[in-house]
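The structure appears below as C-alpha cells.
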Amino acid sequence: MKGFRYISLILLLIANSACQQQTTQPDVNTPAHVPDKTAEVNMRLGIEHIREGNNEIALKKLKRALQIDPYYPEAHSVLGLLFQRLGENKLAEDHLKKAVELRPDLSSALNNYGQFLCSQGRAEEGAAMFLRAVENPLNASPELAFTNAGLCAFGNGDMETAETQFRNALQRNPRVVQALLPMAEISYQQENYLSARGYLQRYLSYAKHTPQSLWLGIRIERELGDRDALSSYELLLRANYPDSNEVMLLNE
C-alpha cells in the first residue's frame, strides 16, 4: 500500500545558545553542541523556508549555517533531509551521517538518518538507527522511532516486525497517525476486518482522509458488508480525488 511516509524530525530541539559560541569540534561525550548564534538563526530560517517550499533559499541558509559552524549537528541533519528531498542522495547521506557522528545521542539525527537508509532499501541499517534512537535515554519521543521502524519493515514486506513496532509506538502514544493507518492495512491483510475498521476510525479521529485511507475503507466495508459506509467512502474518493490511482482501482 503506497502513501505512508516516514516521520522526519525537521522540527528539531535546538540547544539554547545564549551562553556561549563554539565553532571548534566538540567532544562526542559533550551533552550538546552549543551552536554559533548566527548559524542557529540561519538554520531556523532554513527550516521556515523548507516549510514554505522555498527549497533554493532554504539550501542557501543551511549552507550558510554550516559555513559559520561546521560542527552543528542539527544543521547537518536538516540539510541532509533537504538534499534527500531534492534527490541528491549522496549529499543527503553525507550530512545525515555527519550529524550522527557529531552527536551520537541526538535522537532526531538518528531518526532522520534511519528513514533515509530505509528509503534507499537499506532496511537493516535503518532499523539499527531507529533502535539507537529508541534506546537513547534522552529521547523524549521514542514512539516516532518505533513508527519509522514499523514503516521501514512494512515497506520491505515484513508485516510481523511492522506490527510489533507499530504496537510499540501506539502503546507510548495512541495518537500516532502514521502508525494507525498501516495498522489498519495490516489488520485488513490478516482478514481481521473489524480490527481494521477500528484502526481506520482511530486514524480519522486525528487526521483527514487521504486517497489511501478511503480506498482502505472501501475494501474493509466490502468485506464487512456495510453498504452505507461503502457508498460514503466511494463518493468521497470520487469527489475529492477524481484523478487518483485509487479511483482507477475503484473503476476496475
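The values are calculated or read from the model by the stated rules, or taken from the named source; none is laboratory data. Given the structure is predicted, the values throughout are model-derived calculations rather than measurements. A quick note on method: Cβ atoms are made from the backbone with ideal geometry, for glycine too, and the neighbour counts reach across all protein chains shown. Each accessible area value is taken on the protein alone, full model and side chains, heavy atoms only, with ligands, DNA and RNA left out. Shrake-Rupley method; radii C 1.70, N 1.55, O 1.52, S 1.80 Å.
Remarks
- Within segment 222-249, tally of residues that are buried (at least 17 other Cβ atoms within 10 Å of the Cβ) and in a helix (DSSP H, G or I): 6
- Every pair of residues 6+ apart whose Cβ atoms lie under 9 Å, when the first sits in segment 140-164 and is closer than 9 Å to PRO182 by Cβ while the second is part of a helix (DSSP H, G or I) and charged (D, E, K, R): GLY150/GLU163; GLY150/ARG167; PHE154/GLU163; PHE154/GLU185
- Within segment 196-221, considering residues that are outside any helix (DSSP H, G or I) and over 24 Å from GLY157 (Cβ atoms), the one most open to solvent (accessible area, probe 1.4 Å): LYS208
- Residues satisfying the stated conditions in segment 71-86, i.e. assigned to a loop (DSSP other than H, G, I, E, B) and open to solvent by 50 Å² or more (accessible area, probe 1.4 Å): TYR71, LEU86
- Taking first residues from segment 227-252 that are without any contact (Cβ under 8 Å) to a residue 24 or more places away in the chain and partners that are open to solvent by 80 Å² or more (accessible area, probe 1.4 Å) and of a type outside the set (Phe, Trp, Tyr), the Cβ contacts under 8 Å between residues at least 6 apart in sequence or on separate chains come to LEU230/ARG222.
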